[in-house]
Structure formats: C-alpha cells, structure tokens
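Below is one structure, written out as structure tokens; the observations come after it.
The values are calculated or read from the model by the stated rules, or taken from the named source; none is laboratory data. Because the structure is predicted, anything quoted here is derived from the model rather than measured. FYI the Cβ positions are ideal-geometry reconstructions off the backbone, even for glycines, and counts take in every protein chain you see.
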Amino acid sequence: MYIRKSSDIKPSEITDREVYRQRRRFLGLAGASAAGIAAAAALPGLLSASRKAHAQARLAVAYQSPFNTKEALTPYKDVTTYNNFYEFGVGKSDPAELAASLKPHPWTVTIDGACARPGSYHLEDFIKPHALGDYVYRHRCVEAWSMVVPWVGFPLAEVIKRAGPTGAAKYVQFTTLLDPRMFPGQRLPVLDWPYTEGLRMDEAMHPLTLLAVGLYGEVLPNQNGAPLRLVVPWKYGFKSIKSIVRISFVERQPITTWMRAVPSRYGFYSNVNPDVDRVPWSQRYERRIGDLLKRKTLMFNGYGAQVAPLYAGMNLNTYY
Amino acid sequence: MSTRQNFVRLGLKPAVFVLCLLPLLQQVWWAYTGNLGANPIGELTNESGVWSLRLLLATLAITPLRRLTGWGWLISVRRMLGLYAFTYGVLHLAVYWGLNQYFDLSLIAGDLKRPYIITGYLSLLFMVPLAATSTDAMVRRLGRRWQKLHRLVYAVAILGVLHYLLLVKIDFLPPLGYGLALAALLGWRVWAWQIAPRLAPLGRRQQAG
C-alpha cells in the first residue's frame, strides 16, 4: 500500500508553508508597485490565498529529484483550480468544478505493444515497485502561462525497463481513459477522444520524464489528472497527458490528439521554444501564475542543459 | 413631459446605464477581493473584450427588435449601448497595452503581424469615428451622411468576431456563437431591407391578378 493516512501530517507544517508563500507573493507584488493599479486591486485577494487544508491523502516520498528547481512554488490552490483538462470542459476552472465525476479507484493500467512483458495492472500494483520522489518542475502551458509544481512520482524510464521494449519499439504512446460518464467533456467533439500523446523512445527514457501520482506530497487531485499522469517539463503542458490507462510501445511516430486537431499549430515534439510560435500568440514571454510581470520563456523551458542533445541536428522550426 | 419621455429619461436610461456598468463593477470588485482566479490579468483581458462584443451585438439588435416588437422606445438606449461597447473596447486595449505588454513598444509592435491583433485594432479603430459622432449635434450636422458613416458598425462587429475567432486555441464554440448571432442580425437586415421590399410588390401584383 503506497498511501499513508492523512493523519501523518502535522497541521502546523501546512500553515507554515502557506504563510511563507503568502509573504513571498506579497513581497513580490509590493516590489512591482510600478503597475500600482493592478497591484492594489489584486493584493487583498492574495493575502487571503489558500487557507484551505489540502484534501488528499499523504504519499510516502522517499527522495528529492536532483532536477528540482529552487523557484517559488505556485500555490496549491492555483495548481488545482486553474488548468486545462478538456475532458471536463474547455474552461480553466471546469476541471476543479467538475472533477468529482472521475473515479480514479479502481484503475487499470495496460502496457502493450512491442515489449517483452505486456500486461494489465491494478494501479496499486503498477506503482508498488517504484520509490516515489519529489519533482519540482517548471510547467509551461502553450497558452503562455506557467507554474512551478511539486509533483510526486517516478521516472517513466523505470516502467519502460520493467516492460522490456523490443527493437521495434521506437515510440511510446499514451492514452487517457475514455468514459463520458466520468469525463463529461468527452460528450462534446472538442477533441478526438480519447486523448492520446506520444514520445520518442529517448524522450520517454530521459530521467526528467516523469509518471506523476501526486502533487504537494499528496495524492493527485482528480482535476490534475488522477490517478496517473505524464510530466514532460521541457514540452508544452498538453504533452503531459492525464489519467493514463494505456502505455503502448509502437514503431511509427503516433499522431497525437493535438496534432490531429490543428496540425499547423501543434506538432509531435511541442518542445517549449520562444523562437517558434505556431499558435496565434507569442511564445517569447510567459506569465508565471501569481506574478504581475511576464518573464522571458526559456528554450526547452530551461531544461536545455539536460535535453538539448536529444534534438541535436534537428531543425526545430520543422519539427515543432 | 409625456409619460413616455418620463419612462425613457427617469426609468429606462438610468437602468440601462447601471446594467452596462455592472460587468465592470463586478470585475473591479472581484479584483479587489481576489476572486479573479489564478490569472487575474488574463481574466480582465478576456472579460473586457467579450463585454465589448456583447454590447456591440446588443446595439445591432435594437433595430430588428424595434421592427419585430413595435417598441419604438428601444431606440433611445442604442447610443448608450454603442458607447458602452466602445468603452469596454478601450478598456480591453488598455489592459492589453498596460497589463499584458507593460507599454513596451517593441512588444506592442511585435504583435502587429498577428491576424488576431490586427482585426482587434481595426475593430476598435472603426468605433472611434462612431463614438465621436454620437452627439445630437453631430447627428444633426451630418444629416444623411451620419447614417452612411454609422454603417461602419457592421465592419466593427465582423472584425470583432474575427478577432475572437482568430485567437482561440481550439474552443471555437464561443466565437462561433457570437458569429452566428451577428450573422442573424445582419441577415435580418438583408432580408428586411433588400429582399422583402422586392418581394412585396410582386405579391401584390399576384393578388391583383
């Protein structure tokens, strides 16, 4: 059993962290007093930010990822109330408001395709072999906003090694659960359901690539992709597919959901790239949620030192 | 003063004035109380733009509504609706320039190549002469030319819908909804002013024959 009871956490820990974060945000805003109107308008709201105790069960976290960023965390409340999860609707608050219909237990994950050990697993059995770590990553949405999110999970590479892909396995394809009773958004043809995503094998094996089961040391809330999601921090957020039920090893590059929807805008790679805007808006800057001023978007979302060699010699204008 | 003048001056106009102000007041209140969500600037940007478009469509709905209902007094609030559409449009631009681009001219100029930005600017730009000639004095002075000039509002609305359509990621439904409403409002005009008048004499001839 990987889930510990929520009584393990001392309430004082949560409160301290909240107060700390509020001070950080307060100081940040006060410093940016140049745009005084907006600051004055937003200040009282920030002071009353997320007092709510987190509702999810604690996870047993065994280690800290060496890739963790030291940047200020985006508050739990913002991470869990402002995101895209079109299976619940296209609005940013739809996931938080509608996610109760998702039942992440029981949950089955299927490994199939070109591998030595395919199979279907109960979620608990799927996760059991892996030690869970804290992974604090930057998250850059294609809509030009960003967050810093403390995920809990384990490298996808561990799962791949366990499955033993054959020589024919050149890509990994991921599929979200298709169930309109759990995902009311799937009743509308906004996207071609079920949502699928894909990575090249070397991207999938990269130590940054994560299968996440938690957030802020706790079980992943439904709206953030419970019970199992991908996190690929150097790619736009939509690559990080949520509520995964199938991981397939395939020989041909898969057509992902967003590629199928608008091929001219969304490519297979979708690496964060400030110099290429295939979407109508600019990708040069991003708004870190909680900040007043925008910041420059970094190539590969700041993970270039780790992942740039994967794309050596590739024209990133063509392979967007 | 007649009862009708009293109704318009003391009842209808103040009521519409306050109603149109409510979205702005709500945004200001939510900004003050921190209820604009995780991305308050994004919310202000979207809401100001959407309200400008809604009020623009409301302005365009006045004439068809008057004809269909016979409520002549509706005309007395059209100017206010139009000016509010312009006001929300200006606020939308102010939020974009100030809170999205921080008055950085290189950023603002860099955006000028984007179709959704161009249509947005044009839509607002075409509203300027309409707002400037909205006074009673200007209506009198321009006479028939006033009506011709104010047909620009159709371009303003089409550009406004295009602006919305060109900026969305995949959820084309909301801008298509506004587009459909606009198509109905413009379609009614084509019917009532171009097609129906030509059909009417034909009908009479047939009856006579």
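Among the residues of region B:138-149, is there at least one that is away from chain A (no Cβ under 14 Å) and closer than 16 Å to B:LEU55 by Cβ?
Within region B:138-149 (the criterion being away from chain A (no Cβ under 14 Å) and closer than 16 Å to B:LEU55 by Cβ), the answer is no, since none of the residues qualifies.
Taking region B:22-62, which residues are touching a residue at least 40 places away in the same chain (Cβ under 8 Å) and surrounded by fewer than 17 Cβ atoms within 10 Å (Cβ to Cβ)?
Hit for region B:22-62 is B:LEU24, nothing else.
For region B:65-78, which positions are crowded, with 17+ Cβ neighbours inside 10 Å and either among the polar types (S, T, N, Q) or closer than 21 Å to B:ALA155 by Cβ (or both)?
B:SER76, B:ARG78
What are the residues in region A:109-137 that are in contact (Cβ under 8 Å) with a residue 60 or more places away in the chain and over 15 Å from A:LEU211 (Cα atoms), if any?
A:ASP112, A:GLY113, A:ALA114, A:CYS115
Quick one: would you say B:TYR116 is in contact (Cβ under 8 Å) with a residue 24 or more places away in the chain, under 28 Å from B:ALA31 (Cα atoms) and not β-branched (Val, Ile, Thr)?
Here the answer is yes, as B:TYR116 does meet what is asked.
Please work out if A:GLY153 is small (Gly, Ala, Ser), modelled with pLDDT of 95 or more and touching a strand residue (DSSP E or B) at 6+ places or on another chain (Cβ under 7 Å).
yes
Within region A:201-214, is even one residue touching a helix residue (DSSP H, G or I) at 6+ places or on another chain (Cβ under 8 Å), assigned to a strand (DSSP E or B) and within 19 Å of A:PHE249 (Cα to Cα)?
Yes, that holds for at least one residue.
Note down all Cβ pairs under 7 Å where the first residue falls in region A:203-223 and is closer than 16 Å to A:ARG138 by Cα, the second is at pLDDT below 95, and they're at least six residues apart or on different chains.
A:TYR216/A:HIS54
Which of the residues that make up region B:112-123 are surrounded by fewer than 18 Cβ atoms within 10 Å (Cβ to Cβ) and either at the interface with chain A (Cβ under 9 Å from one of its Cβ atoms) or at pLDDT below 95 (or both)?
Result: B:ARG114, B:PRO115, B:TYR116.
Would a scan of region A:251-269 turn up a residue that is buried (at least 22 other Cβ atoms within 10 Å of the Cβ) and in contact with a Cys (Cβ under 9 Å, 6 or more places away or on another chain)?
no
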